[in-house]
Every structure is written in structure tokens, then in C-alpha cells.
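K.L.:
Have a look at the structure that comes next, please.
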Amino acid sequence: MLLELKNLKKTFKNNHVLKGIDLAVKEGEVIAIIGPSGSGKTTMLRNINFLETADAGTMTLRQKRIDMAAPTQEQVLWTRRHMAMVFQNYNLFKNKTALENISEGLIFGQNKSKEEAETLASRALDQVDLLDKKDFYPSQLSGGQQQRIGIARATVLNPDIVLFDEPTSALDPELVGTVLRDMKRLAERGQTMIVVTHQMAFARDVADRVIFFADGQIIEQGSADDVFDHPQHERTQRFLSAIAEDY
Amino acid sequence: MRLTKIMTTLLSGLPTTLTLLIFSFIFASVIGVCLAWLSLRRNPVAKGLARGYLGLVRGTPPLLMLLLAYYGLPKLFLLVGIDINDWAKLLFGIAGLSIGWSAYLSEAFRSAYLSVDPGQYEAALVVGMDASHAFWRILMPQTLLIALPNVENLLIGLVKATSLVYVIGIMDMYNTATDLSNQNQGVYQLEIFVVLAFIYWLVVLAIEWGFRQIRKDYQYVTV
Amino acid sequence: MFDSNFALHSFPKILSVAPTTIVLSIIATILGFILAVLIVIVRERNVKILAPIAALYVSFIRGTPIIVQMYVVYYGLPQLLVALKHAGLDTSTNGLPAMLIAILAYSFNASANISESIRSAYHSVDHRQYEAAVTVGMTPTRAMTRIVIPQLVANFIPNFANLFIDLIKDTAIVYNIGIVEIMAKANILSSIGFKYLETYLDALIIYIVICWIFAKLFQVGEAIDRYHTFHTQDSI
Ligand SMILES: Nc1ncnc2c1ncn2[C@@H]1O[C@H](COP(=O)(O)OP(=O)(O)OP(=O)(O)O)[C@@H](O)[C@H]1O
Ligand SMILES: [Mg+2]
């Protein structure tokens, strides 16, 4: 196993958001997480890379065990340098150009030289077909372009796992396709990914495993066909029929 | 002819005015950053200290601040055995203006810092930067950009406030003008002050122009 | 070293002239406000010739120290009156009260700052609010007075409070033209007793309390206004 979570718990005040999550991720696996709003999907991703600290739980990443409730400073940095994240609202650095957005993590997270970082960053930009935009600031780019740069910024770090938090839900419908295409390419290259998404077609097409998440718990998981076509739990069925009306 | 004489006399005070402006602004910024840092601490004592300082300075006319610096600082320093009575008046002028403006600047920095999108910091952490890199490379530049319009206004306010150092006898541009108007026993007084106003206006216009250039350089950075 | 007795005795004497400071500030702010509204209308409507003049006026006032403005009025107004007299207008030219000069100078000063503040409050009202009001059938005037202006006022009050408090502090120089307000009284008492720090500390306390009281008053005013405009209850 590349990543293993055991008994991950998180509470905000009296709100039990994560109620003991167990999750194991194999190398190269693409996992799609679906579930209703407020069920704790974002919170789970943020706990995995320590943007928030869990109340309980252990994480094993590449054989290294980390107490998620009390990680050391080194463990936090180490984890973040083996993972990357793509945000719902892109969060590109507004004071940096497209190229700098990508090279920044290489220089200041991985101690690469400026020249090497820029070469790698240019290549990553090329992979998302945006090399011609390298000197543009985020404000000069469309949402779709920003998110593809967000993906390049994450993958250029050569992470073990990339976490995606609803990467297309802030985008205009006509821009969603370009971002999903880049994500699919990434999956085909064998990148391990955990993707929180409402894009059922993407989950069906790309994910090795679909997880249905509700009330801070994993309710059901399996192949896309299993979960979408033969849901076992009443909760899953309700959720799927509710969103079916939207699509 | 008369106008040139007025102009050259007044301009002889300009270097002092600019010296006051530049040094006060630098010191006020440094103190302002420290104050902003204090008031952003979770520590209630640090916070209270910064808030209290701000509350006091906010209600103090800059003129009074200068007088208090001039008459008060030497006594304050004497308490700890340091004699600063012989310091040049210019230093007291800079001290008085710095104390006043540091409070306003700290507010500008503090509110700018708080309005940086927290997602920017998280994104920096997520690409593997440590907290200090995230601060210096991402948060700090964005904070400065957000604070820019307020800083511009404060700098312009400071230009005007430098005229108040006449109360402690510094020969800045304004004081040179009153001197000249007294020498002339009341003729051309209007001309003197109108010319003086125009010189101050030009200084302010130059500052505004400078800030416009900065804004143009960063026009695509929409923080 | 520090004569606290002297400070204590001076305090009520200085406090007794505080009304002069406050009255000057309030009158200048009211006159300045009226002038500011005119400036805003001229500039927002882009009235020919007047709009650029107003812009220049605002830039000039904001670019010059108040003490210089005060002296320009102090020396300029009598000359203006003399000129007007020559032009046949019946004006009295001697013995202009200092208070009148101060009120004029501070009104001009306030008008420029307040006009900028109103403009920025106006621009921060969402333009769609106006459009929405017109779409539901309000006349443009009604849309302005019922929808835009109440929101503008809510945006404007905090800035206005700061400007007013700045004006109070700026009046600390009018002793130069012979008005006996807080600073003047402190200076007079100082020169009698040859003690400076004492009276200045008295003045400091008085200014801080005055500014604090007005800041609180404006906060209450803002809360009440917000309640009436948006029906939200911010805590004071
Ligand atoms: N920082 C926080 N402080 C307090 N409560 C929080 C915080 N972050 C999240 N929550 C709460 O945790 C719960 C789960 O939120 P989360 O954002 O993880 O849901 P989600 O599954 O990602 O939903 P969505 O699909 O809307 O993004 C919500 O009830 C939310 O109010
Ligand atoms: Mg979410």
C-alpha cells in the first residue's frame, strides 16, 4: 500500500465531521470520492496533508507511520513534499506568473536550482498546453486555464499522490472538459490520485474505485459500475437519484 | 523677479522637508510593521499593547505629538540616565512624526494582511514551502500590494504633516516661508503662501505619480 | 521635573476652551459637507468646465498642508474683499474675525476630503442595485434616494467619522491666527509658567477623550443606520 489511513477522526466544536475513516490507496490507483455537501470530503483531504490537524488517526505513507493527531514539523513537511493538492478555487499565487507558480514549489519546497525549476516548470506547462501563457498572471487567465496550471503546479513536484478537491466545480461548463482531459492524461501516466468530484462521467471513465461518503463515513465503495449501477446502501441510492435529476 | 526670489528662498527649505519625510516614513514603517505583528499575535498582552498605542496616537494631533516628543522624550530618557537634550531638533521632529504615523501604518499593514486570501498561504504550504517561505514569498508581497493605496494616502498625509515641525523650530519649507513673510513686514505674504502651497502640491503630485507607476507594474496582480 | 500640581491646575482652564475646538470642527464639517455634495454632483455628472475645475480643486487641497491653506485664506480673503470693494461691492475689509477665516479655511479643506469619501462610497454601491430598482419600475430619482443613497450613507459613515476626527486634530494650529482653543490655551499657560510638558499632557488627554467620544458616537450612529438600511444587527 502506498497510503493507509486508520481511524481518522475530526471534530469542529460539537460537529463530528469525520467519524473514523479507514482508507488504503495502492500505487497508481485513481479514487473518486462522491458524497453530499457538508459530508466531510474536503475536511478529509485537508487532514491528509495537515492543513488541518486531526483529533485521532494514523497515516502510513511509504512505510512511514505518522500520528495524525500529533505530527511533528518534519513529518508535516515530509508529507506535503510527497503529496500535492489541487484546490476547488485554484489558489494560484496571485503575485506570481504562470511559470513562477509552478517553479515556486520546486525551488522553495524541493531546493532545486532556479534554472532546473524553470526547465521543469516549462515542461509541465507544455503538458497542459499552456506554455504560451507562461508570463501571464492568474488574473489574465480563464478559470479553466488557471486550474490546468494548478494541476501542473501539483504534478511538477512529482508527488506520490495528488489530492483533488472538486477541481471543476468552480468552472463554467464549457471549461470543465479541458481540465478533466488533463486529469485523465495524468491518470493514464499512472499517477495516484484521490479526486473529490461531482463529475460522474469522469468517475466512471477514469476511477479505479469510487467511494461514497456521507456523514463523515465511508458508506460504500467499489468499482464505478458497482457503486453507480448497483448501489447496496439506501443512502447511496438516494444520493444518486437526487443528483441524477441534475444531470 | 519677486517670484523667483520667493521660490528660491522657499526651495532652500525643501531638503529639510524631504529629509523629515523620508526618515519619518522609514521609521514609521518599521515601527508600524512591528506593531502590526504585535496586534496579530494571539497573546492578549501583545494585542492590548498595540491596541492601546493605536488608541492613544489616533486621538493626538500631530502638532501635539511633536511638542510632546520635543519636551517629553528628553525627560523620559533622563529617567533611565540618558541625556538626549542636545540631540538635533531634526531628530525630535522625525521622532514625533514617526510615532504618529507608525500607528496609522500599522493599521494599514494589519488590515491588508488580514485581507490576503488564506487559500494563498495554504497553496504555498501544499507545494512544500515552509511557513517562513510562504510568508516572505507569498503573503508579504500580497499584503504590501493590498496596503499600497492606504500607504500612499498616509505618505501624502505625512508630507503635509512635516509642515508642523515649525513648533519645535526646525527650518523646513513652511518655516522658511513664515520667516520670509515676517522679514517682508507683511508685503507679498499672500504670494509667499500661494507659492508654498504649489510646491507642496507638486511634491504630492510626484508621489501620486510614483505610486501610479508601481500600480501599473503590478496591474495584473489582483490581490 | 514634572510639576503635577501645575498640570492639575491647568487642566480645567484648558478644558474650558474645548468647546471652541469642537464648534469650529462641527461648523467647518457641515459647511464642508455641503460644498462636498456639490463637488460630487458636478464631478459625477461630469458637468462641462466645472468638473475638471472641481477635480483640480480637490487635488490642490489634498496636496497642501492645512496650515498653508489657512494662511492663504488669512492673507487672501482681505485682498479679495478689497478687490471686490474696488469692483463696487459694499464689503467691509477690516477686522475680519479670526474665527471666520478658520471656518472658511477648514470648510474648504473638509470639502475636498469629504467629496472624495462620498465618491468612493458611491462607487462602492453595487451598480446593479440601481438597475434593479429601475427595472422594478422606480423612477431614476426614486431609485437614487430609496436604494442607492441609503447604501452609500452606510458605506460613508466610517470614513466620515475618520475625517471628522482628523479635522478636530487639524484644528490644533488655529492658535496661529489668534483663536483661543485647546492648543492656544496650553501654549498660553506654558509660557506663563515656563512649563511645557504639563500643559501639553493636559491637552493630549483632552484631545484623546474628545476623539474617543466622537468615535463612539459615530459608531452608534453607524449601527443605527445599518439597522435601518439593512435590518442587520451588528454589535456596537
Ligand atoms: N474550519 C472549520 N470550522 C468549523 N467547521 C468546519 C470547518 N471546516 C468545515 N467545517 C464543517 O465540517 C463539515 C464538513 O465540511 P466539508 O467542507 O468537509 O464538506 P464537503 O463534504 O467538502 O462539502 P462540499 O461538497 O460542500 O464541499 C461541514 O458541516 C462544515 O460546516
Ligand atoms: Mg468540499
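Please treat every number below as a calculation from the coordinates, not as lab data. All of these numbers come straight from a predicted model, not from anything done at the bench. Note: ideal-geometry Cβ built from the backbone for every residue, glycine included; neighbour counts use all protein chains shown.
K.L.:
For B:Lys89, give me every one of the aspartates and glutamates with a C-alpha distance below 14 angstrom, ignoring sequence neighbours fewer than eight places off in its own chain.
P.N.:
List returned: B:Asp172.
K.L.:
Using a cut-off of 19 Å between alpha-carbon atoms, which aspartates and glutamates can reach B:Lys47, once sequence neighbours fewer than 8 places away in the same chain are excluded?
P.N.:
In chain and number order, the partners are B:Glu107.
K.L.:
Follow-up question, since we're still on this one. Taking N as the number of residues in chain C, what value does Rg over Cα atoms divided by 2.2 N^0.38 Å take?
P.N.:
For chain C, the normalised Cα radius of gyration is 1.23.
K.L.:
What is the Cα coordinate range of segment A:150-247 on the first, second and third principal axes, sorted by size from largest, in whole angstrom?
P.N.:
Extents along the principal axes, in whole Å: 41, 29, 23.
K.L.:
Segment C:112-140 to segment B:21-40: how many Å between their Cα centroids?
P.N.:
The two parts, judged by their Cα centres, are 36 Å apart.
K.L.:
Further question on the same structure: Cut-off is 10 Å between beta-carbons; in what order do C:Ser120, B:Ser29 appear when sorted fewest neighbours first?
P.N.:
So the ranking, lowest neighbour count to highest, is C:Ser120, B:Ser29.
K.L.:
Here is a follow-up. Is the C-alpha gyration tensor of chain A telling us rounded, prolate or oblate? Criteria: a/c under 1.5 is rounded; beyond that, a/b larger than b/c is prolate, otherwise oblate.
P.N.:
Since a/c reaches 1.5 but b/c is at least a/b, the shape of chain A is classed as oblate.
K.L.:
OK, next. Can you give the relative contact order of chain C as a percent, counting alpha carbon pairs under 8 Å and 6+ residues apart?
P.N.:
29 percent
K.L.:
Averaging sequence separations of C-alpha pairs under 8 Å and six or more residues apart, then dividing by the length of chain B, give the relative contact order as a whole percent.
P.N.:
29 percent
K.L.:
With 20 Å bins from zero, work out the P(r) of the protein assembly as shown over every alpha carbon pair and list the percent per bin.
P.N.:
Binned Cα distances yield the sequence 14, 37, 30, 16, 3, 0.
K.L.:
For C:Lys216, which aspartates and glutamates qualify as cross-link partners when the Cα separation must be under 16 Å and same-chain residues fewer than eight apart are set aside?
P.N.:
The reachable aspartates and glutamates, counting only those whose Cα sits under 16 Å from C:Lys216, are C:Asp166, C:Asp225, C:Asp234.
K.L.:
Can you sort B:Leu91, B:Leu105, A:Leu77 from fewest to most other Cβ atoms within 10 Å of each residue's own Cβ?
P.N.:
B:Leu91, A:Leu77, B:Leu105
K.L.:
A further question on this structure: Take chain B, connect every pair of alpha-carbon atoms lying under 10 Å apart with a spring to form a Gaussian network, then pick out the residue of B:Leu196, B:Leu144, B:Leu76 with the largest mean-square fluctuation.
P.N.:
Answer for the Gaussian network model of chain B: B:Leu76.
K.L.:
I've got another one for you. Determine the sum of side-chain charges near B:Pro141: Lys and Arg each +1, Asp and Glu each -1, restricted to other residues whose C-beta is under 11 angstrom from that of B:Pro141.
P.N.:
Result for the local shell: +3.
K.L.:
Something else now. Percent relative contact order of segment C:125-206, based on C-alpha pairs within less than 8 angstrom and at least six residues apart?
P.N.:
RCO, segment C:125-206: 16 percent.
K.L.:
Please state, rounded to one decimal and in Å, the Kirkwood hydrodynamic radius that chain B gives when every pair of distinct Cα atoms enters the mean of 1/r.
P.N.:
19.7 Å
K.L.:
Let me ask something else about it. Using only helices, what value at 222 nm comes out for chain C when you add -39,500 (n - 2.57) per DSSP H run of length 4 or more and divide by the total residues, to the nearest 500 deg cm²/dmol?
P.N.:
One gets -26000 deg cm²/dmol as the mean residue ellipticity at 222 nm.
K.L.:
By Kyte-Doolittle mean hydropathy of at least 1.0 and Cα axial length of at least 30 Å, which whole DSSP H helices of chain B are selected?
P.N.:
Flagged H segments are B:14-39.
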